[in-house]
Amino acid sequence: MKTGISLYVSSGIEKNSRIIKKAGEHGAEYVFTSLHIPEETGVNYQEEIKTLLSLCREIKCKVIVDVGPETYKKLGVTKMEELKDLGITHLRLDYGFTAKEVVEIAQSFSVVFNASTITEEELALWKEYGADFTKFAACHNFYPKEYTGLSLQRVKEINLRLKYLGFVTMAFVPGNLELRGPITEGLPTVEEHRGRRDDVVLNMLELFQEGCCDVVLIGDVDIKDREWEGLRCLNKGYVELRADLLPDYEFIKGTIHHDRPDSSDYIFRSQESRQYDQEIKPQPRHHIFMRKAGNICISNKDYLRYMGELEIARKDLPIDPRLNVVGQIDETDMKYLPYIQKGFGLKLL
């Protein structure tokens, strides 16, 4: 999955520089900034926004900027082509552009629209003018005011329709360190995420796997250090899970295991684990009749050519003597397991 951050000029150049540096170090690929926020003013506004854009170029981030009637004046340019020289790669278009203009702009930039408001009529008109929808992106709004956010199901429905046409889909999760004012109650797309701001990684995973989002951005100013580390892992396609393992199976830790693309609802099934070449003998039989959700198992020699395969139970399952139960995912990390699927990975700690 791909991730990104949001920048606000009013946060100050020092803070924004630090956040941009962190974003680069942790693999974020996108930066969103708006030129339409009433609070975003100041004597050195033009100078500061250009400095931020320059810093984003240094870390090779794709920059999404709202574009409206005041954009040229705020950035000190006279024509749209100059925006590319500033490092802007994606234009989120405000009202006032004809279908023909949109398609022409898409020759030079990726164009971004509010995912919730794209109409069938607009799609038909863009197509009529020869639009290549792989150059288009649909980004859901974030919602500062409580109970105005969308449901996850609504986001999924919108995204499935647009992804089918070729759009890149995007949405926001709230931060958990410094929240954007003036309301400071989080900037989520999905309302449910406002109430669990401290679980940034879970919210991002949910939007990626269940909300069908290609890109998930942090809407607020900053996140805590542990979330930055989680972001780094997400950008590499895996999540870190704490686990207790039997001493003879500690070798499992530290390896990134990816779930099979044909994901099972019952187990996480590692694509990599059959590379373990040692013989794995069956465990002694105990009076255990169930594998519990989160049990880490390895197929023993009685499973023939599957010997060495690692799996993790997603739900309670019957015991199988061909499987050795070798560990357990930490209870606090079990919430991530349902979303580690379809080729996504995990690393046991």
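The values are calculated or read from the model by the stated rules, or taken from the named source; none is laboratory data. None of these values were measured; they are calculated from a predicted model. Cβ placement follows ideal geometry from the backbone for every residue including glycine, while neighbour counts extend to all protein chains displayed.
On the basis of being more than 25 Å from residue 118 (Cβ to Cβ) and in contact with a helix residue (DSSP H, G or I) (Cβ under 7 Å, 6 or more places away or on another chain), does residue 192 make the cut? Walk me through it before giving the result.
Numbers: more than 25 Å from residue 118 (Cβ to Cβ): no; in contact with a helix residue (DSSP H, G or I) (Cβ under 7 Å, 6 or more places away or on another chain): yes.
For residue 192, the condition - more than 25 Å from residue 118 (Cβ to Cβ) and in contact with a helix residue (DSSP H, G or I) (Cβ under 7 Å, 6 or more places away or on another chain) - is not met.
Could you give every pair whose Cβ atoms fall below 6 Å, whose first residue belongs to the stretch 153-170 and is under 23 Å from residue 91 (Cβ atoms), and whose second residue is polar (S, T, N, Q) and not in a strand (DSSP E or B), counting only separations of at least 6 or pairs across chains?
Going by the 6 Å Cβ cut-off, the qualifying pairs are 166/134; 169/159.
Across the stretch 314-330, what is the number of residues that are buried (at least 19 other Cβ atoms within 10 Å of the Cβ), over 11 Å from residue 297 (Cβ atoms) and not charged (D, E, K, R)?
Residues meeting the conditions: 1.
Please specify each residue of the stretch 115-135 satisfying the condition of being surrounded by 14 or more Cβ atoms within 10 Å (Cβ to Cβ) and not β-branched (Val, Ile, Thr).
The first filter runs over the stretch 115-135 and keeps only residues surrounded by 14 or more Cβ atoms within 10 Å (Cβ to Cβ), leaving 115-116, 118, 122-123, 125-127, 129, 131, 133, 135.
115, 116, 122, 123, 125, 126, 127, 129, 131, 133, 135, listed by residue number.
For the stretch 218-274, what are the residues that are under 19 Å from the mean Cα position of the chain (by Cα) and either without any contact (Cβ under 8 Å) to a residue 12 or more places away in the chain or assigned to a helix (DSSP H, G or I) (or both)?
Answer for the stretch 218-274, where residues must be under 19 Å from the mean Cα position of the chain (by Cα) and either without any contact (Cβ under 8 Å) to a residue 12 or more places away in the chain or assigned to a helix (DSSP H, G or I) (or both): 225, 226, 227, 228, 229, 230, 231, 232, 233, 234, 235.
Taking the stretch 290-349 only, how many residues are over 30 Å from residue 204 (Cα atoms), assigned to a loop (DSSP other than H, G, I, E, B) and in contact with a Leu (Cβ under 8 Å, 6 or more places away or on another chain)? Give the derivation first.
Of the residues in the stretch 290-349, the ones over 30 Å from residue 204 (Cα atoms) are 290, 299-308, 318-325.
Then keep just the ones that are assigned to a loop (DSSP other than H, G, I, E, B); that gives 300, 307-308, 319-322.
After this cut, where a residue has to be in contact with a Leu (Cβ under 8 Å, 6 or more places away or on another chain) as well, the list is 300.
The qualifying residues number 1.
Within the set of pairs 6 or more residues apart or between chains, which connect a residue that is assigned by TED's automatic domain parsing to the domain that holds residue 143 inside the stretch 194-214 to a residue that is assigned to a loop (DSSP other than H, G, I, E, B) and surrounded by fewer than 24 Cβ atoms within 10 Å (Cβ to Cβ) with Cβ atoms less than 6 Å apart?
If the second residue must be assigned to a loop (DSSP other than H, G, I, E, B) and surrounded by fewer than 24 Cβ atoms within 10 Å (Cβ to Cβ), the pairs left are 197/176; 198/176; 200/176; 208/1.
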